[in-house]
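The values are calculated or read from the model by the stated rules, or taken from the named source; none is laboratory data. This one's a predicted model, so the numbers in the text were calculated from it and none came from an experiment. Don't worry about glycine lacking a Cβ; one is built from the backbone with ideal geometry, like all the others, and counts go over all protein chains shown. The protein model used for the area step is the full one, side chains on, heavy atoms only, and it has no ligands, DNA or RNA in it. Shrake-Rupley method; radii C 1.70, N 1.55, O 1.52, S 1.80 Å.
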Amino acid sequence: MHGHADVRVAVRSGKVVAGGLGLLIPQYFGGSPVPSALLAAGCVAPEERGDRLAARMVHERLRPLRERGAVISTVSTLSNGHARHLGWQAPAPVHAHAVRADDLKRSFTVGDFHIEHGDGPGTHALQRNLARRWNAPLERPTWWQDWKNAKNNLTTYRFHRSGQPTAGWLSLTTNRRERHGTDLTVHDFWADDHDCAAAMLAFLGRHHSRTETIHFRRGALPPAPLLLHNLHRYQVTTQAWHPWMLRILDPQGAVRLRGWRHDIDLELPIEIGQAGPRTTPHRYLLRIRAGTGDLTPTPDEGHVTRTTGQFAVWYAGGWRSPETARLSGVHIRSDAALAGLLEATAGEAPWLPDHF
């Protein structure tokens, strides 16, 4: 990614001791692309740790991206506690899945879909259109897929009905096993509807003679009950991975640029601040009306109080019910206020299938 990223390093006595990449790429929220600072490949030399160099590096990596318009930031890190301390929070769990190819073959059918090898007309437009239906997928730049294919040696397939445009697209990689057969891992799984998703899963099941198990890379499978509701026998191995985490760099800009449902009519005073007894939250009036949103400072006490991390989870649609928000520590003065707030971001579920 060097040619597309902002690279920052820390140098002591002529030696690089810390560094990382930053990418300015929009992420879809509510169907609209929101400028985002993606932080990747951050590291600090072991002998330099313990002196807040990592936090200083995060600040320096974010600064140029914020100057270029980023209002949110996403990071995928093993150090969740450290990222949380700096203002990021995980909106959703991330899982990798493994299922027997024979089980897919038995449980799904291709139907009337045609399968073609490689990308084709409309493939990338389909991916972008489907990405808008979720919160957090990247608005992939033109170089993204070529970089991803080359990095992972991916093979791609597209799915369509006769005379119809592409309705599904997947990418996968295969590696020869030492004794017999191959390992198959799915990297992209984009389906327009249930029937197309079933055809794609049936196609993966056709690899059963050479591949015993189909692996879905972390986050590759949409968070929908495709396997749960359709497998003849639900024998799926699920592994939890470190989650992607979201931070709101500019709350007012993030609310203004996000997509909002046109049927939402909400006016609610809220408070946003860091957790802790010595912190004073910022008070805002949140207005969402006719598909637009704005956040303006107000002296009024908020009906809902959230930390910056909790604000990020709400922004991404991470709370699917009032009880999940309560158990996450959100302070409320009114059940009706909380229900209205959650309804505003309930249209799309959080899903980030992209890796950086």
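In the chain, the inverse of the mean reciprocal separation of distinct Cα atoms equals 22.0 Å; this is its Kirkwood hydrodynamic radius. The charge dipole of the chain, taken about its Cα centre with unit charges on the Cβ atoms of Lys, Arg (+1), Asp and Glu (-1) only, comes to about 860 debye.
Look at the alpha carbon pairs under 8 Å that are at least 6 residues apart: their mean separation over the length of segment 279-330 gives a relative contact order of 26 percent.
Accessible area per residue for the chain, computed on protein heavy atoms with a 1.4 Å probe, is 49 Å². Bridging of Lys148 to aspartates and glutamates at a Cα separation below 18 Å is possible for Asp119, Glu139, Asp188, Asp354, once same-chain residues fewer than 8 apart are set aside. Seen from Arg132, the other residues with C-beta closer than 10 Å to its C-beta sum to a net charge of 0, counting Lys and Arg as +1 and Asp and Glu as -1.
Sorting the segments 150-156, 251-257 by their residues' average number of neighbouring beta-carbon atoms within 10 angstrom, most packed first, yields 251-257, 150-156.
Note on segment 162-310: with charges restricted to the Cβ of Lys and Arg (+1) and Asp and Glu (-1), its dipole about the Cα centre is near 620 debye. Dipole orientation for the chain: of the candidates Ser321, Gly111, Gln252, Gln252 has the Cα lying most toward the positive pole (charges on Cβ; Lys, Arg +1; Asp, Glu -1). Protein heavy-atom surface of segment 82-126, 1.4 angstrom probe: 53% of the accessible area is carbon and sulfur, with nucleic acids and ligands not counted. Computed with a 1.4 Å probe over protein heavy atoms only, the accessible area of Ile214 comes to about 0 Å². Charged neighbours of Asp265, selected by a Cβ distance under 12 Å, balance to 0 (K, R count +1; D, E count -1). Taking every full run of DSSP H in the chain, none both stretches at least 18 Å from end to end by Cα along its long axis and averages 1.6 or higher on the Kyte-Doolittle scale.
Annotation for segment 294-355: GluC sites (Glu not before Pro) lying in DSSP loop with at most 16 further Cβ atoms inside 10 Å of their Cβ are Glu301. Under the combined filter of DSSP loop state and at most 15 neighbouring Cβ atoms within 10 Å, segment 108-197 retains these GluC sites (Glu not before Pro): Glu178.
Can you check what the net charge comes to around Ala54, using other residues whose Cβ is under 13 Å from the Cβ of Ala54 (Lys, Arg +1; Asp, Glu -1)?
Details: positive: Arg8, Arg49, Arg52, Arg56, Arg61; negative: Glu48, Asp51, Glu60.
That works out to +2.
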